[in-house]
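K.L.:
Would you mind keeping the following structure in view while I ask a few things?
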Amino acid sequence: MQLRVATDQPWDVRADVLVVPVLDEPVFDGPLGELDRRSSGELRALLEFGELQTKRYATALVASGDLPAGRLLAVGAGEAAKLDREAVVRIAASAERRLGGRTVTSLAVWLNPLAEVLEDGIEAVAELVARGVVEGTYDPQEIYRETVETAPPKIDELILVAPDADAGAVTRAAERGVIVGEGANIARTLSNRAANDVSPEVLADEATALANRHGLWIDVIDAQRAAEMGMGMFMAVGQGSDNRPRMIVMRSGGEGERDALDRHLAIVGKGVCFDSGGISIKPSDRMEEMKMDKTGACTVISAIATVARLSPGTPLLAVAPAVENMPGPHSTRPGDVVRALNGKMVDITNTDAEGRLILGDAMTYAERLGATHLVDVATLTGAVARAFGHLVTGAFGTPQPWYESVMEAANRSGEKYWQIPLVDDYVPEMESWYGDLINAGTPEGSLVKSGLFLREFRTVPWVHLDIGGSAYFRKAAPYAPRGATGVTHATLVELALAGAR
Ligand code: BES
Ligand code: MN
Ligand code: ZN
């Protein structure tokens, strides 16, 4: 896809389709009025008719009269006062998706209506719109099918219309947006792929291919080496499957190297290629969704590649423990007691609380490799989905200033989080009579307790992002298809790049 910034007025832009964001109470006396006049008054007429709505993500294809653009695509942007960065990404993605099945090779997006209300200005809007269009092209049905008739069109040229703007600066911002969007889509494809396709070994191969392409160091620790090293929690989950586990470790920059913020940041992602629950087997209802229990791993693997593309050499570590959680003669039983890599004795009361086991050893290992700051991403609980649904990611962290720095990156990315407290008073409920800890306590407060368990396996500042609800959509939204969303990818990239030199 070619990117071009047009500093012409939107009525002078030639493209198959020109996207026109329409905010609440559109005023037709400025440039929008001019565009309307030159489209023979179609915009106004369709608004009055009710075909064109300003409700967010509503779309209408509009005839373009004498304009050089073939058609106008009006996209509702909602209330101006409520426009945020996430909405800008999603408005652009909705436009691209609305054109599914249509023949469109050049797509123009008029940025000014959004830039006038989003406080961050035209360059931020260009980045977010470019990212949104790229994310909008994503269709998971293309993974296992030759042709998908309804797929969003493959755009040859994306034209960002920004009259009188600094074309160089807007282009650079948009290029960044394209790369972040592509990274999210790579994470989504890995995540959406089936468990018979992506085993821990295949996930490690995919990580190796990305590492080679982008000049990253990689180490794939196999089952034998992990057992010798003492990764008892990781092995307890992985030992039940014929598809042997892999601990995937990737690095940009030197070993233990500090970034511009004096951090050696590590991003750790849960990679359960299939979560049957193990011996504590899950009900069959919706069990097929558990192929996406590897989403955290897919996200950190793609995020470190994105960081390498945007700013090669930025110090960053990614650790992705990859396993399959299966019942079988070699599986861990409820009540088995194992030694974690950090020495703690863990009493596995529920083999379905497996994410925290593999993450615990992965975080210990990240610290051994020099990590000074940790962020983990995991489809850890169903409870977070019940609490926040699909549109908000649950977040934990300690100490609070580190949590706040991660949230600053989150704000730049536009992604939404809500903090869950680490309530010390629940710690006794996670203690084991046989060992140090149980991995699953009573259901009351189970979301808080999942965070308390993980907290035992790190000694440095740490944030935990629970994407159990936000990792994938069960049904399509205007701005995204059913399946993996790519959530947290942009946050992780922003966080790492804050330390780029
Ligand atoms: N992968 C699941 C959590 C999950 C469930 C994510 C549904 C997305 C949708 C996780 O491994 C799990 O099974 N968690 C248990 C924990 C419990 C046994 C303490 C849960 O949430 O029920
Ligand atoms: Mn589970
Ligand atoms: Zn799981």
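K.L.:
Using only Cα atoms, locate the centre of region 1-37 and the centre of region 482-497, then give the distance between them in Å, rounded to an integer.
P.N.:
Value for the Cα centre distance between the two parts: 30 Å.
K.L.:
Taking only complete DSSP H runs, can you tell me which helices of the chain stretch 15 Å or more along their own long axis by Cα positions and average at least 0.5 on the Kyte-Doolittle scale?
P.N.:
On the way: long enough: 85-98 (20 Å, -0.41); 121-136 (22 Å, 0.89); 167-192 (37 Å, 0.19); 200-214 (21 Å, -0.33); 295-310 (22 Å, 1.44); 355-368 (20 Å, -0.09); 400-413 (20 Å, -1.01).
Result, helices passing both filters: 121-136, 295-310.
K.L.:
Please report Rg over Rh for region 2-186, where both radii come from the alpha carbon positions and Rh follows the Kirkwood definition. If you can, show how the numbers build up before the last one.
P.N.:
Working: Rg = 15.3 Å, Rh = 16.2 Å.
Ratio of gyration radius to Kirkwood radius for region 2-186: 0.95.
K.L.:
Please report Rg (one decimal) and Dmax (integer) in Å for the Cα set of region 270-365.
P.N.:
In order Rg, Dmax, the Cα atoms of region 270-365 give 15.5, 47 Å.
K.L.:
Region 417-465 to region 154-219: how many Å between their Cα centroids?
P.N.:
A separation of 34 Å, based on Cα centres.
K.L.:
Taking the Cα atoms of the chain alone, what are Rg (to one decimal) and Dmax (as a whole number) in Å?
P.N.:
Spelled out, the Cα radius of gyration and Dmax of the chain are 23.7, 79 Å.
K.L.:
Write down the accessible area per residue of region 16-89 in Å², having rolled a 1.4 Å probe over the full set of protein chains.
P.N.:
46 Å²
K.L.:
Summing +1 for each Lys or Arg and -1 for each Asp or Glu, what net charge is found among the other residues whose Cβ lies under 10 Å from the Cβ of G70?
P.N.:
+1
K.L.:
Once R0 is set to 51 Å, what does the formula 1/(1 + (r/R0)^6) return for the Cβ-Cβ distance between D66 and N196, expressed as a FRET efficiency to the nearest 0.05? Provide the component values of the computation, followed by the final result.
P.N.:
Details: r = 55 Å, r/R0 = 1.08.
Given R0 = 51 Å and the Cβ-Cβ separation, E is 0.40.
K.L.:
Here's a follow-up. What Rg and what Dmax come out for region 364-487 when only alpha-carbon atoms are used, in angstroms?
P.N.:
15.4, 51
K.L.:
Still on this structure, please answer the following. On average over all directions, what projected area in square nanometres does region 216-348 have, based on the convex hull of its Cα atoms?
P.N.:
Working: hull surface 36.8 nm².
Average projection, Cα convex hull of region 216-348: 9.2 nm².
K.L.:
Let me ask you something else. Report the local net charge at V202: Lys and Arg +1, Asp and Glu -1, summed over other residues whose C-beta lies under 10 Å from its C-beta.
P.N.:
Computed value for this residue: -2.
K.L.:
On the first, second and third principal axes, largest extent first, how far apart are the outermost C-alpha atoms of region 138-259 in Å?
P.N.:
So the extents along the principal axes, rounded to whole Å, are 62, 45, 21.
K.L.:
At most 12 other Cβ atoms within 10 Å and a DSSP loop assignment: could you name the GluC sites (Glu not before Pro) in region 134-212 that fit?
P.N.:
Those satisfying the criteria are E146, E149.
K.L.:
Take every DSSP beta bridge whose two residues both sit in the chain, then give the antiparallel share in percent to the nearest 5.
P.N.:
Details: 30 of 72 bridges.
Beta bridges within the chain, antiparallel portion: roughly 40 percent.
K.L.:
Would you mind working out the accessible area per residue for region 420-501, using a 1.4 Å probe, and quoting it in Å²?
P.N.:
With the other protein chains kept in place, region 420-501 gives 39 Å² per residue.
K.L.:
What do you get for Rg/Rh of region 167-219 when both radii come from the Cα atoms and Rh is the Kirkwood radius?
P.N.:
Details: Rg = 14.6 Å, Rh = 12.9 Å.
Rounded to two decimals, Rg/Rh equals 1.13.
K.L.:
List the residues whose amide H sits under 5 Å from the amide H of S280, counting only those 5 or more places along or on another chain, with H placed 1.01 Å from N in the peptide plane.
P.N.:
For S280, whose amide H was placed from the backbone, the distant partners under 5 Å are T351, D352.
K.L.:
Once the mean 1/r over all distinct Cα pairs of region 436-486 is inverted, what Kirkwood radius in angstroms do you read off?
P.N.:
The Cα-based Kirkwood calculation yields 13.5 Å.
K.L.:
Continuing with this model, one more query. Would you mind telling me the antiparallel percentage of the DSSP bridges in region 13-105, rounded to 5?
P.N.:
Taking every DSSP beta bridge within region 13-105, about 40 percent pair in antiparallel fashion.
K.L.:
So how many Lys-Lys pairs in the chain land under 15 Å Cα to Cα, not counting same-chain pairs under 8 apart?
P.N.:
5
K.L.:
Follow-up. Which percent of the accessible area of the chain is formed by carbon and sulfur heavy atoms (probe 1.4 angstrom)?
P.N.:
In the chain, the share of accessible area belonging to carbon and sulfur is 47 percent.
K.L.:
Then there is this: Let me have the relative contact order for the chain, percent, based on Cα pairs under 8 Å that are six or more residues apart.
P.N.:
Relative contact order here is 15 percent.
K.L.:
Let me ask something additional. Under a Cβ-Cβ cut-off of 12 Å, what is the net charge of the residues other than L83 that fall near it, where Lys and Arg count +1 and Asp and Glu count -1?
P.N.:
Counting the neighbours of L83, the net charge comes to -3.
K.L.:
When only DSSP loop residues count, what trypsin sites (Lys or Arg not before Pro) in region 143-238 have their Cβ near at most 14 other Cβ atoms within 10 Å?
P.N.:
Of the trypsin sites (Lys or Arg not before Pro), the ones in loops of region 143-238 whose Cβ has at most 14 other Cβ atoms within 10 Å are R145, K154.
The values are calculated or read from the model by the stated rules, or taken from the named source; none is laboratory data. None of the values given here were measured: they were computed from a predicted structure. Glycine gets a Cβ as well: all are built from the backbone with ideal geometry, and neighbour counts include every protein chain shown. SASA here: full protein model, heavy atoms, side chains in, ligands and nucleic acids out. Shrake-Rupley method; radii C 1.70, N 1.55, O 1.52, S 1.80 Å.
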